[in-house]
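Reviewing the structure listed below.
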Amino acid sequence: MIRLVMERSGLTLWPVLSFVIFLVSCALMLAWLYRPGAAPFYGRLARMALGEDRTDAEKEG
Amino acid sequence: MLRIKYDDKITRMFLIACLVWGVLGMSAGLWLALELASWKFNLGLPYISFGRLRPLHTNAVIFAFGGNAIFCGVYYSTQRLLKARMFSDVLSRIHFWAWQAIILVGGIGFLFGITQGKEYAELEWSLDLVLALVWVVFAINFFGTVARRREKHLYVALWFYIGTIITIAVLHIVNGLAIPVSLTKSYPVYAGVQDALVQWWYGHNAVGFFLTTPFLGLMYYFVPKAAERPVYSYRLSVMHFWALVFLYIWAGPHHLHYTALPDWAQDLGMVFSVMLLAPSWGGMLNGLLTLRGAWHKLRTDPILKFFAASITFYGMATFEGPLMSIKSVNALSHYTEWTIGHVHSGAIGWVGLLVFGMIYWLVPRMWRTPLHSQALANAHFWTALVGILFYVVSMWIAGITQGLMWKEFTNEGVLAYPNFLEIVTKIIPLYWLRAFGGSLYLGGLLVMVYNVARTIRSAPAFQDEEAMVPEAPAVPAHAAPVAQYWHAVLEGRPFALAILTTVVIAIGGIVEMVPTFLIESNVPTITAVKPYTPLELEGRDIYVREGCYNCHSQMVRPFRDEVARYGDYSKPGEFVYDHPFQWGSKRTGPDLHRIGGKYNNLWHLRHLDDPRLTSPGSIMPAYRFLLESKLDLSLTPNKIRVMRQLGVPYAKEVETECRTQAQTQARSIAADLEKDGVKGMADKEVIALIAYLQRLGTDIKWRETGPAAASIQAPAPAPAVAATATTSTHPSKGAGI
């Protein structure tokens, strides 16, 4: 069945379909990431590596 | 608030293991570089001949040096990002010791020729199995920690770790499927074209998901720490992750351009490789721009120097990769030293420098004492950088020189350099330069080991780091995070993230592999192609054992120069019984797919005894021991049985008669040698290897119309071994010559 579908539809269809899905997903994701008012949220996330625990200096201070 | 202790001991253990294996793996690499500059460095010892030592080098650097560095950084950062101690100290220790044991046993095995013969996947089935179990231990420990975390949001570095854990498991299992012959021997379930596709799907993504995604995760954690700056753009890191994991998995076929792989798969590999430039450079810019405002520190801080140079090499390598995957560029670059230069700019530039920066950052924190010498760390940086430049530039020049000389024709329309050795000898000075670059890089590493050792020696008594974390109970895996947006919800649901990652990475592999396996027109059957005789099969196993594929390809591409030099281009149907395929990825020596019948048996014997006798100037190691060691036929019936299970059409009786058949064919070759005065070879390993080499590329009658027809001798007839004839479909691939 799968073989039949692939042989009849032509192999080029599959990568083209994957590529289109990829591009659409990227476009949607970009639009979502840059939605209005989201900057402070991502700003906080960007600092996560810096503030995950207290440093030794902070503890001593 | 709650006070918890992190398990830093495991970080320290992986850190030290990383340094130890780094020295060993890179020393092996330097020795290999010397072996190419002068064959005498093979020392006449089978254990360190190029073909056996190279898998040790690649595995030690990728999985031992790189692997221990990954685990070191992952164990350190995961605990801190999740505000939780690792799920199980016992699992951490099992992971550590089992990983070292696999590397040690596997590495020793390579020196004894125990290999599956597939690049970067050389470990035999028994160790593959242990490796898979250890990976599961790591995954349980990691996801267990995630499940009891005290930080709801998963930082982007953790996504890259999740992507790595899942994808490496999938790659390792799918590519490693094999049927055992004995504890130390197996045959992969795939053959020929399919095996090549699966192998390079694995091989490319071993680079992608073992040498890229985990190190990107480490970059997103350690670069902000070292620069004391937040990640430049978290949004970009979200795009970087999803685009990278989706696109990377498609790119494998660019390792097989112009081979017998179907054209549609090659084109897919090329297009997706070029697209890969976008997320790669997005990540590279994100890393470099994280250093904004901290550039002045580069003058004095060796850690930031290492990070900045590492990310720059990431950018260079990820520009060069897509460039080389364009078919017209690949026609020149493939099989040449250019590939080696490219790989090393990624491996020792991107990965190596990032690891060094991370270790210099970690050591003072893990041992609670300042680094012994900043000056030595700076010296290490410059030594390593100059070493890489010598290495990469010499290989670029060597590769382009090789490619151009292979393809050069005279005005009369004949090859300008018909003698392959003329091209080999031209680039030997560049091999010396490469060895010089490698020794600088290794020297820098030794300086680092000294610096770290002195730091550790001066360390006071200390305890593992403690942290104050929220007293709230660990977040259950199913709990939704506070953030209300859809992707943010996903970022707080690790198991949903893991499943989505699995789906994303599966798409490329499925789209490329399923049609190649199911549609017969991808690999047209050739009736004349028959299974190897038992002796040829034994010879092929010796070919695999000695790692001949590390220097010789078995794939004549449909180019005018290759057909003129080697013979008719290779057809997909010629490899249907090749478990594993042996197309190779490098031509230090010439292609061997049409070697069968080109020379007589005596020539092969003398060539293997001492390559300089037949090929003056050759840099190939001598395989004199093959003329002395006895051919072991004890496993031959098992091998035939496994081959039958894999669908190779041997008649049932071959299983019982294979030893007799092998001995009969061996006596026939030995009798031919005796006519030339060479006696006592009938039971030696060299006879099996000669039988295999004489069989290569002779199934189809290309010589009747081939360019080298005049100088060809017909190979000795082989015993009939096929049980059934296959149906005939002529290969339809365009020659393009």
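The values are calculated or read from the model by the stated rules, or taken from the named source; none is laboratory data. Bear in mind the structure is a predicted one, so any value in this text is a computation, not a measurement. Heads up, the Cβs are rebuilt from the backbone with ideal geometry, glycines too, and the neighbour counts pull from every protein chain shown. What goes into the accessible areas is simple: the full protein's heavy atoms, side chains included, and nothing from ligands, DNA or RNA. Shrake-Rupley method; radii C 1.70, N 1.55, O 1.52, S 1.80 Å.
Brief remarks follow.
- Filter result for the condition that a residue is over 28 Å from B:C658 (Cα atoms), assigned by TED's automatic domain parsing to the domain that holds B:Y692 and assigned to a helix (DSSP H, G or I), over B:L613, B:L602, B:L608: B:L613
- Cβ-Cβ contacts under 7 Å between residues 6 or more apart (or on different chains), taken from a first residue in the stretch B:288-306 that is within 18 Å of B:I359 (Cα to Cα) to a second residue that is in a helix (DSSP H, G or I) and of a type in the set (G, A, S), are listed as B:L298/B:A308; B:P302/B:A377; B:I303/B:A226; B:I303/B:G357; B:L304/B:A226; B:L304/B:A227; B:F306/B:G357.
- B:F87 being among the aromatic types (F, W, Y) and assigned to a helix (DSSP H, G or I): no
- Residue identified as closer than 23 Å to B:H257 by Cβ, within 14 Å of chain A (Cβ to nearest Cβ) and in contact (Cβ under 8 Å) with a residue 60 or more places away in the chain among B:L197, B:L216: B:L197
- For the stretch B:70-98, the tally of residues that are closer than 30 Å to B:G547 by Cα and either within 18 Å of the chain's Cα centre (by Cα) or open to solvent by 30 Å² or more (accessible area, probe 1.4 Å) (or both) stands at 2.
- Residues within the stretch B:166-185 that are open to solvent by 10 Å² or more (accessible area, probe 1.4 Å) and assigned to a helix (DSSP H, G or I), tallied: 8
- Residue count for the stretch B:89-134, restricted to those that are of a type in the set (S, T, N, Q) and in contact with a strand residue (DSSP E or B) (Cβ under 9 Å, 6 or more places away or on another chain): 2.
- If you go through the stretch B:362-385 and keep only what is in contact with a helix residue (DSSP H, G or I) (Cβ under 6 Å, 6 or more places away or on another chain) and without any contact (Cβ under 8 Å) to a residue 12 or more places away in the chain, you end up with nothing.
- The stretch B:597-625 - residue that is modelled with pLDDT of 95 or more and surrounded by 22 or more Cβ atoms within 10 Å (Cβ to Cβ) and, of those, nearest to B:D672 (Cα to Cα): B:N601
- Of the residues making up the stretch B:304-324, at least one is under 30 Å from B:G573 (Cβ atoms) and more than 13 Å from chain A (Cβ to nearest Cβ).
- Set side by side, the residues B:P473, B:P418 differ, and just one is modelled with pLDDT under 95 and open to solvent by 50 Å² or more (accessible area, probe 1.4 Å), which is B:P473.
- Lone qualifier among B:L158, B:L154 - being within 14 Å of chain A (Cβ to nearest Cβ), open to solvent by less than 10 Å² (accessible area, probe 1.4 Å), touching a residue at least 60 places away in the same chain (Cβ under 8 Å) and assigned to a helix (DSSP H, G or I): B:L158
- Selection from the stretch B:509-548 of residues that are in contact with a Pro (Cβ under 9 Å, 6 or more places away or on another chain), assigned to a helix (DSSP H, G or I) and open to solvent by less than 10 Å² (accessible area, probe 1.4 Å): B:E512, B:P515, B:T516, B:P534, B:L535, B:L537, B:V544
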